[in-house]
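Have a look at the structure below, then the notes.
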Amino acid sequence: MPGALQRPAVVARVSDLIGRTPLLELAVTETGSRLLLKLEMYNPTGTAKIRMARAMIDAAETAGELRSGGRIIESTSGNTGLGLAVVAAERGYHFTAVVDNHACAEKLRGMKALGTELVRVGDDGTEALATAAREELAEQMARGQDNTVFTEQHNNPANGAGYFPVAHELVEALDGKLDVLIAAVGTGGALFGTARELRTLISGFTVVGVEPKGSIAFGGPAHDYYQSGTGTPEGAELGALVDFGLLDEGVKVGDIEAFATCRAVARTGLLIGGSAGGVVHAALTRLSALPPGSTMVALVNDGGEKYLDTVFNDDWMRERDLLSPDAEHEIDELLTKLRGNR
C-alpha cells in the first residue's frame, strides 16, 4: 500500500483519523478478476459516514450558518449521527439526532455516549423505518432557530463532496486500475460522490448501485426491510444525491441474502454490516462474469460490530424469518472457491 494511504502516527483530533482506509482482497476468479473491499469501517465510529458528516459541518461553518456554540440537527438511522456526534463534540456544538426504532440500539447508545440528544419518532414499538417522519420533525425543529442547522443529509451537496477523497485513495492505491465500483445506495452520497470524482480522474469503469428489496430507488414493489442505513423506503423522497446519470446498473438484494453474506464473510475473519452484506453479495455473484483481469471495488461502509445483537444473533434472525443456513452455505461455497484462486 502506498505510503500516502498510511495514517499519521500522531493526530490532534479523532476526525484527523478519517480516510486512508485499507483495501482487502476478498476473492479472485480463475481468470484473475478480483474483488477488493474498501474497508470504510476503519474510519472513526466504524463507518464511512463520518466522512460526509465532517463535510456537512465544514460547509455549514463556511456558509456562516453555524457558529460557536451552535446546534446541529439531523434525521439519522445511526451512522451519520455517530459521525456528526464526533465532530460536534470536537468543535463544541450541540447535536440533536432524530431517530426511529429501526436504528440499531448500539448506534443509539454510541450517539448518547458522545453527548447527543436523541429525539424519537414512531414510539409504537415497531421496527419500521420512519424516514419521512424523522425528516419532517428535524426540519421543524431547526426552522427559524438562530445558529441552528438541519444538515439534511439526503439533499446536502456536501454529503457527496465528503466522499471525493475516496476516489483519490482508490486511484492512488490501484494505480488507476479500476473496472467496477459497487456500493449501497441510501442517500446516494457514498456511491455517487465517489463515482463523480472518479470520473474526473479515470475513465472506463462501471458503477453499480445496490439497494434492499423493498426499497424504491430502482422501482417497486415497496415493503419493509431490515438492512439499516440504506435504501429509500416507501413514503420517503429519493435524495437529490442519487444520480442515475452516473449509474450503469441498479441491483436489489433481499435481507436474507444480505445477512447470509455477512455471516459467511465473518467466517473468513471479517465482520461487515447488514447493508455491506448486500453489496458484497451482489459483487460476489457478478465477479466471475467480468472480463479476465478485472478489478471490482466494493465500498464496505459499515463494520459488523454494531450488529452482534441482530444480524449475527440467531434468535433475532429466526424470529424475523431471516435465518437461512442454505443461503449461508451457498455463499460459503462461493467464497471457498473464489478464495482458493488467490
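At a 1.4 Å probe radius, carbon and sulfur cover how many percent of the accessible area of segment 214-340?
For segment 214-340, the apolar C and S fraction of the accessible surface comes to 48 percent.
Translational D (Stokes-Einstein, µm²/s) of segment 64-179 at 4 °C and 1.567 mPa s when Rh comes from the Kirkwood sum over C-alpha pairs?
Rounded to a whole number, D works out at 84 µm²/s.
Could you pull the Rg and Dmax for the chain, using just the Cα atoms, both in Å?
Rg then Dmax for the chain, in Å: 19.2, 60.
Just the number: Rg to Rh for segment 263-324, Cα atoms, Kirkwood Rh, two decimals.
Here the Rg-to-Rh quotient is 1.05.
Among Lys112/Lys306; Lys38/Lys112; Lys49/Lys252, which pairs are too far apart, with a Cα-Cα distance over 24 Å?
Checking Cα-Cα distances, Lys38/Lys112 exceed 24 Å.
Let me check I have the definition right: for segment 204-342, take the eigenvalues of the Cα gyration tensor, multiply each by 5, take square roots. What are those semi-axes in whole Å, largest first?
Semi-axes, largest first: 23, 22, 12 Å.
Please report the carbon-and-sulfur percent of the accessible area for segment 1-92; probe 1.4 Å, protein heavy atoms only, DNA, RNA and ligands left out.
Answer for segment 1-92 is 51 percent, counting heavy atoms of protein chains only.
Heavy-atom accessible area per residue, the chain, 1.4 Å probe: how many Å²?
Heavy-atom accessible area per residue stands at 40 Å².
Using 1/(1 + (r/R0)^6) with R0 = 25 angstrom and r between the beta carbons of Ala63 and Ala133, what's the FRET efficiency to the nearest 0.05?
According to the calculation, E is roughly 0.35.
Expressed in whole Å with the largest first, what are the equivalent ellipsoid semi-axes of segment 1-148 derived from the C-alpha gyration tensor as the square root of 5 times each eigenvalue?
Three semi-axes, in Å: 31, 22, 13.
The values are calculated or read from the model by the stated rules, or taken from the named source; none is laboratory data. Just so you know, these numbers come straight off a predicted model, no measurement behind them. Glycine gets a Cβ as well: all are built from the backbone with ideal geometry, and neighbour counts include every protein chain shown. These area figures cover heavy atoms from the full protein model, side chains too; ligands, DNA and RNA do not enter into them. Shrake-Rupley method; radii C 1.70, N 1.55, O 1.52, S 1.80 Å.
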